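Structure, as structure tokens:
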Ligand code: PGA
């Protein structure tokens, strides 16, 4: 199966920088890997190119309504998105599990594939609560066939310290046992140096990349790693 390589651009860049990025990324694209770019909302259009799928970093719970400043899953579908990241740990602080369930439902209703982020904090890991946390975060979504799960240990995000491959294999195995048949991505300090080894692991169907996706020169080698495994 093709590896899924997702870029989460977070709140970075400008129209000029993203246009240049797309040019620089083009030589790295390959039909052997599935690349999804998730830009900030205003740059969705500039990211949409042949050979690339577009996702958003968030959507509102409702499909429409009087919610000033919000963007619905239906609008995202309308402008060409096919994916949406939901429940990223940088957002979970101000989102309840119930809101995340509503967002997933909205995304599916609008025809988007939700990329549901799950993962334990450093404290939860130290208390040996990882499995409980993942079970709680996934419980409501277990019957859903059309979601992608991204395992993103919170302590590995943006820290430069990724989970080690033995931990990734164990945790992905656990997640697969809860949601068999779904693609499971790993996220948290993935870069050009560790991508190949992470992507080679059993039950790792792809990666969700933050910091190392902001420059095409760093993201390109991660795509190449996805081709090489
Ligand atoms: P990182 O972020 O690659 O910078 O650790 C991953 C993410 O936030 O999805």
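FYI, it's all coordinate maths here, none of it is from the lab. Everything numeric in this text was worked out from a predicted model, so none of it was measured. FYI the Cβ positions are ideal-geometry reconstructions off the backbone, even for glycines, and counts take in every protein chain you see.
Taking 143, 180, 66 as the candidate residues, the one with maximal mean-square fluctuation in a Gaussian network model of the chain, Cα springs under 10 Å, is 66. The relative contact order of the chain, computed from alpha carbon pairs under 8 Å that lie at least 6 residues apart in sequence, is 22 percent. Using bins of 10 Å that start at zero, the share of Cα-Cα pairs per bin across the range 6-105 amounts to 14, 45, 30, 10, 0, in whole %. Among 161, 35, sorting on how many other beta-carbon atoms sit within 10 Å of each Cβ, with the fewest leading, yields 161, 35.
How large is the direction-averaged shadow of the alpha-carbon convex hull of the chain, in nm²?
Answer in nm², one decimal: 11.6.
Label zone of residue 165 (point 7 Å out along Cα→Cβ, amide N under 20 Å): in the range 1-29 this covers 1-6.
Summary of the geometry: the range 119-134 and the range 20-71, compared by the centres of their Cα atoms, lie 31 Å apart.
Here the residues 71, 79, 190, ranked from fewest to most Cβ neighbours within 10 Å of their Cβ, fall in the order 79, 71, 190. Per residue, the average separation of C-alpha pairs within less than 8 Å and at least 6 apart gives the range 87-179 a relative contact order of 30 percent. Ordering 34, 202 from the fewest to the most neighbouring beta carbons within 10 Å gives 202, 34.
Can you give me the Kirkwood hydrodynamic radius for the range 118-229, using every pair of distinct Cα atoms, in Å to one decimal? The answer is 14.2 Å.
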